Amino acid sequence: MLLGVLRMAPYAVAALRTPPGWEFSGNLTVSPDYMQYRTWARQTQVEGPIVSDRFTAEPTSRFLPVPLYWGIGALAGVTGLTPEWVYAWLGVPLTIAMVLLLYVVIRRFLRDPVAVRWVFWATVLGGGLGALLLLVEETPLRTIHPLYKLFVEPIESPALVIPFERYRGNYVVQALLDTHFLAFWVAATAAMLALVEATLAPARRRLLVMGALFAGATILHVYEGVTLLAITAGVVAVCLRRGLPRRDAAALLATATASVAVVLVGMLLLQRGSGYPTPEWRGLMVAPAILLLAYPVAWLLLAVGGIRFWQEATREGALLVGWVVGCLALVLAGPFFPYPDRGTMTLQIPLMIIAGLIYFRDRSRVRPRDAMLLVLLSAPTLVHR
């Protein structure tokens, strides 16, 4: 609840700073993406949950499902608020939902309350060291030639590498401040919780819930369907080595594939019928060096105890490894997959849980020096935000 209230603080500050005679619209950004979201919310009030493209001179039929903005448009109509304010306030319940889901997922793998508490807050508020690159870029340090060549030039146009802090939803702490990506994190995390339950305690009803959540996440944001499929494949491949029955593995793969494929085929048919060409846009590749900077706490603990963790891993541990493998397969597939950054969706969660399992395996509390190291390695992202 506190995090939900805090996320509205920037809006309160902006409203208080609005000069007399002016009215704060609820807009805190001039992002072209945000302009598109505002348009979609208003379009849905006329066109429904599937909208046409208003950002091209070419005539197109309705082909793009935007359920999130359909909901925002509907709430705006009911409450009398503008879509901008509905978008802002919607972040509060979504923040609460994300925090609760994250706690449930972490609690599923960690039993010790101390471990749960540390991993939870490290995941909610933590990030990586990519912000240090931006610190050099955004301060007078950039005038020092060696620092400029090492830290600034690679991330300036044409960018060779993109720190995770330049994205809007690679970390939980980023998503909490962005209603758009927060909705996708909630949907993807809920779908992953369903996959966890269906893998560790197979049952038909769990598969049905998993399929529904996979389909829902894909409708909400098509990229998440591909990510969830990759994660499922990784989980199945790794868990087979820890005794997952082949019949259960096949059921998981079939459920995930069918749920996502039905939605993707439906979207493809809508797009083909609209006369709108397939976009050629590609995301930038994620450099391995940036990936190392992104999750320093997890990589450090994996370097120290990763081998032992795998040797002692039960099916729960194998599931976490498969989750990471599935995400990384997309993140590092830049030459072949056009949207590699989408593989970061939920990646932070299993990495931090594994890190917690390794750290708390032989201890019941966090040493002060380790707490300080955790802050130094993961706080730069929060500070930069």
_Residue within region 205-221 that is touching a Cys at 6+ places or on another chain (Cβ under 8 Å) and either farther than 21 Å from residue 100 by Cα or part of a helix (DSSP H, G or I) (or both) present_ = no
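State all residues of region 39-54 that are farther than 19 Å from residue 223 by Cβ and not aliphatic (A, V, I, L, M); if no residue qualifies, say none. Lay out the reasoning, then the answer.
The first filter runs over region 39-54 and keeps only residues farther than 19 Å from residue 223 by Cβ, leaving 39, 41-48, 52, 54.
Result: 39, 42, 43, 44, 45, 47, 48, 52, 54.
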*Pick from region 271-292 the residues that are hydroxyl-bearing (Ser, Thr, Tyr) and surrounded by 15 or more Cβ atoms within 10 Å (Cβ to Cβ): which of them is nearest to residue 352 (Cα to Cα)?*
276
*Give just the number: which of (1) in contact (Cβ under 8 Å) with a residue 60 or more places away in the chain; (2) closer than 30 Å to residue 51 by Cα; (3) not small (Gly, Ala, Ser) does residue 319 not satisfy?*
(2)
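Are any residues in region 274-290 free of Cβ contacts under 8 Å to residues at least 40 places away in the same chain and of a type in the set (Val, Ile, Thr), and if so, which ones?
Step one: list which residues in region 274-290 are free of Cβ contacts under 8 Å to residues at least 40 places away in the same chain, which gives 277-280.
Answer for region 274-290, where residues must be free of Cβ contacts under 8 Å to residues at least 40 places away in the same chain and of a type in the set (Val, Ile, Thr): just 278.
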*Of the residues 293, 351, which is touching a residue at least 40 places away in the same chain (Cβ under 8 Å) and under 21 Å from residue 107 (Cα atoms)?*
351
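Residue-wise test of (1) touching a strand residue (DSSP E or B) at 6+ places or on another chain (Cβ under 8 Å); (2) over 24 Å from residue 8 (Cβ atoms); (3) in contact (Cβ under 8 Å) with a residue 40 or more places away in the chain; (4) surrounded by 15 or more Cβ atoms within 10 Å (Cβ to Cβ).
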| residue | (1), (2), (3), (4) |
| --- | --- |
| 27 | no, no, yes, yes |
| 31 | no, no, no, no |
| 43 | yes, yes, no, yes |
| 46 | no, yes, no, no |
| 49 | yes, yes, no, yes |
| 52 | yes, yes, yes, yes |
| 55 | no, yes, no, no |
| 60 | no, yes, yes, yes |
| 68 | no, no, yes, yes |
*When region 234-280 is examined, which residues are found to be of a type outside the set (Val, Ile, Thr) and more than 25 Å from residue 198 (Cβ to Cβ)?*
268, 269, 270, 271, 272, 273, 274, 275, 276, 277, 279, 280
*Only one of (1) closer than 27 Å to residue 98 by Cβ; (2) more than 20 Å from the chain's Cα centre (by Cα) fails for residue 350. Which number is that?*
(2)
*asked:* Would you confirm whether or not region 82-103 contains a residue that is outside the structural domain of residue 175 (by TED's automatic domain parsing), surrounded by fewer than 19 Cβ atoms within 10 Å (Cβ to Cβ), free of Cβ contacts under 8 Å to residues at least 12 places away in the same chain and over 30 Å from residue 353 (Cα atoms)?
replied: no
*residue 107 passes all but one of (1) surrounded by fewer than 16 Cβ atoms within 10 Å (Cβ to Cβ); (2) in contact (Cβ under 8 Å) with a residue 24 or more places away in the chain; (3) touching a helix residue (DSSP H, G or I) at 6+ places or on another chain (Cβ under 7 Å); which number fails?*
(2)
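When the residues of region 260-315 are narrowed to those that are assigned to a loop (DSSP other than H, G, I, E, B) and of a type in the set (A, V, I, L, M), which ends up farthest from the chain's Cα centre (by Cα)?
Of region 260-315, the ones assigned to a loop (DSSP other than H, G, I, E, B) are 275-287, 295, 313-314.
Those left that are additionally of a type in the set (A, V, I, L, M): 284-287, 313.
Values: 284: 17, 285: 17, 286: 15, 287: 18, 313: 26 Å.
Among those residues, the one meeting the criterion is 313.
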*Hey, does region 241-250 have a residue that's surrounded by fewer than 16 Cβ atoms within 10 Å (Cβ to Cβ), at pLDDT 95 or above and among the hydrophobic types (A, V, I, L, M, F, W, C)?*
yes
*Pair list, Cβ < 7 Å and 6+ apart or interchain, from region 2-21 residues that are among the aromatic types (Phe, Trp, Tyr) to residues that are at pLDDT below 85*: 11/28
*Is it the case that residue 20 is touching a Phe, Trp or Tyr at 6+ places or on another chain (Cβ under 8 Å), more than 17 Å from residue 179 (Cα to Cα) and outside the structural domain of residue 265 (by TED's automatic domain parsing)?*
no
*asked:* Taking the conditions exactly as written (assigned by TED's automatic domain parsing to the domain that holds residue 237, among the charged types (D, E, K, R) and under 18 Å from the mean Cα position of the chain (by Cα)), does residue 341 satisfy them or not?
replied: yes
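So, in region 295-312, exactly how many residues are crowded, with 19+ Cβ neighbours inside 10 Å and hydrophobic (A, V, I, L, M, F, W, C)? Quick ask: steps written out before the conclusion?
So the first thing to find is which residues in region 295-312 are crowded, with 19+ Cβ neighbours inside 10 Å, and the list is 295-298, 301, 309.
Then keep just the ones that are hydrophobic (A, V, I, L, M, F, W, C); that gives 297-298, 301, 309.
Here the count works out to 4.
How about region 38-97: which of its residues are in a loop (DSSP other than H, G, I, E, B) and either farther than 23 Å from residue 278 by Cβ or of a type in the set (Val, Ile, Thr) (or both)?
Of region 38-97, the ones in a loop (DSSP other than H, G, I, E, B) are 48-49, 52-63, 66, 80-82.
Residues satisfying the conditions are 48, 56, 60, 66, 80, 81, 82.
The values are calculated or read from the model by the stated rules, or taken from the named source; none is laboratory data. None of the values given here were measured: they were computed from a predicted structure. No Cβ is skipped: glycine too gets one built from the backbone with ideal geometry, and neighbour counts run over all protein chains shown.
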